[in-house]
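This report refers to the structure that appears directly beneath it.
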């Protein structure tokens, strides 16, 4: 019988963690692992049909008074061996319920270095401490998409906890093959991220305005969800700065890697990230990436010479100069990019084998367990 894994998300919306998990599920041998999803929203998400096509059930368990009862019934009826939560610190109470429901393997998976953009109130800090304690008590495995994520989201000495392991995200090899789309003359910069404050697109617009002064043929495309007040503010700024002729808000697309492939440079000035999927995709196909200097982006730069990390404390002028320098050498990174990518620990095959080991060995209650596979240092170069 295959191991039955239940992944927990807030919603099956298009996001980095959801897409990477779906790509993993699509690649699994279903005679070994059967994956399903439980979401904490009553509203269907844009990725649900894709999950169902991959053979996964999607269960809606909206939060509320009746949530524990619904969750216990789902665990009982589904016969799940593993609960794998991707909900940052809110994972804590869910793993506690999974332990009460006698699920043997309970995984807390940290996908980003910060939990959210909610104000850091006293109530919020107390809640965070309580949830972290529940993770410590009830998680049989603690995973991170990068060493820097575990450093910041969990604890600096995570490597001393035998439950902790880094499993890098991977990209299906089929997505690496393609021909850049034809486009007009000039250099194109791309930003692939949902339009929201922590992705810092307003700062990118300021940097781009400086670039236009020295390179009139340059263009910028924002690719990602465009709902909410921040997106409207970004549109207003594009109009106010008279940049509508060279800045496009492309919205959410099903396959952003093709737009990345036809661009010359990816720029991500995010305030925080895990290991950003867009930068990984760009690196895998040889498109250079200029990113904020964050633990997760520094991990990418260790393996990909096409990634350059720059502090957000640097001026817009310094960022604009870096854009110009990277555009000048953009073409040099494309040759043999896929082969270089597949030799890194970011390949889907490598990460899938690590997940198989975690899921298939069975749980041992809430006792720490040794994790097989190569050790990854807690320090980030």
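Taking the criterion of being farther than 13 Å from residue 326 by Cα and either part of a loop (DSSP other than H, G, I, E, B) or not assigned by TED's automatic domain parsing to the domain that holds residue 307 (or both), the residues of region 263-288 that qualify are 269, 270, 271, 272, 273, 274, 275, 276, 285. If you go through region 189-217 and keep only what is at pLDDT below 95, part of a loop (DSSP other than H, G, I, E, B) and either in contact with a helix residue (DSSP H, G or I) (Cβ under 6 Å, 6 or more places away or on another chain) or within 24 Å of residue 300 (Cβ to Cβ) (or both), you end up with 193, 194, 195, 196. Scanning region 169-188 for any residue that is under 30 Å from residue 128 (Cα atoms) and part of a loop (DSSP other than H, G, I, E, B) turns up at least one such residue.
For region 219-234, what are the residues that are part of a helix (DSSP H, G or I) and surrounded by 16 or more Cβ atoms within 10 Å (Cβ to Cβ)? Within region 219-234, 230, 231, 234 meet the criteria. Considering only residues in region 240-254 that are part of a loop (DSSP other than H, G, I, E, B) and more than 21 Å from the chain's Cα centre (by Cα), the one that is nearest to residue 219 (Cα to Cα) turns out to be 246. Within the option set 244, 228, being closer than 21 Å to residue 194 by Cβ and in the same structural domain as residue 189 (by TED's automatic domain parsing) holds for one residue only, 228.
Quick grid of which residues meet (1) in the same structural domain as residue 164 (by TED's automatic domain parsing); (2) buried (at least 21 other Cβ atoms within 10 Å of the Cβ); (3) in a strand (DSSP E or B); (4) on the phi > 0 side of the Ramachandran plot:
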position	(1), (2), (3), (4)
26	yes, no, no, no
36	yes, no, yes, no
55	yes, no, no, yes
71	yes, yes, no, no
74	yes, no, no, no
80	yes, yes, no, no
92	yes, yes, no, no
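In the set (1) surrounded by 23 or more Cβ atoms within 10 Å (Cβ to Cβ); (2) under 22 Å from residue 257 (Cβ atoms), residue 143 fails one condition alone, (2). The residue that is nearest to residue 109 (Cα to Cα), counting only those in region 3-19 that are outside any strand (DSSP E or B) and in contact with a helix residue (DSSP H, G or I) (Cβ under 6 Å, 6 or more places away or on another chain), is 16.
Within region 116-140, the residues that satisfy the criterion of being surrounded by 19 or more Cβ atoms within 10 Å (Cβ to Cβ) and outside any helix (DSSP H, G or I) are 139, 140. Pairs meeting the criteria (first residue in region 85-109 and without any contact (Cβ under 8 Å) to a residue 40 or more places away in the chain, second residue in a helix (DSSP H, G or I) and surrounded by 21 or more Cβ atoms within 10 Å (Cβ to Cβ), beta carbons under 6 Å, at least 6 apart or on different chains) are 97/71; 108/91; 108/135. Residues that are more than 18 Å from residue 145 (Cβ to Cβ) and surrounded by 14 or more Cβ atoms within 10 Å (Cβ to Cβ) within region 96-115 comprise 96, 97, 98, 99, 101, 103, 104, 105, 106, listed in sequence order.
Could we say that residue 46 is assigned to a loop (DSSP other than H, G, I, E, B), out of contact with any strand residue (DSSP E or B) (no Cβ under 7 Å at 6 or more places or on another chain) and either surrounded by 15 or more Cβ atoms within 10 Å (Cβ to Cβ) or on the phi > 0 side of the Ramachandran plot (or both) here? Considered against the rule, which asks whether it is assigned to a loop (DSSP other than H, G, I, E, B), out of contact with any strand residue (DSSP E or B) (no Cβ under 7 Å at 6 or more places or on another chain) and either surrounded by 15 or more Cβ atoms within 10 Å (Cβ to Cβ) or on the phi > 0 side of the Ramachandran plot (or both), residue 46 comes out as yes.
Residues of region 341-381 that are within 19 Å of residue 304 (Cα to Cα), touching a strand residue (DSSP E or B) at 6+ places or on another chain (Cβ under 8 Å) and at pLDDT below 85: 376 alone.
The values are calculated or read from the model by the stated rules, or taken from the named source; none is laboratory data. No experiment lies behind these values; they were computed from the predicted model shown. Neighbour counts run over all protein chains shown; Cβ positions are idealised from the backbone, glycine included.
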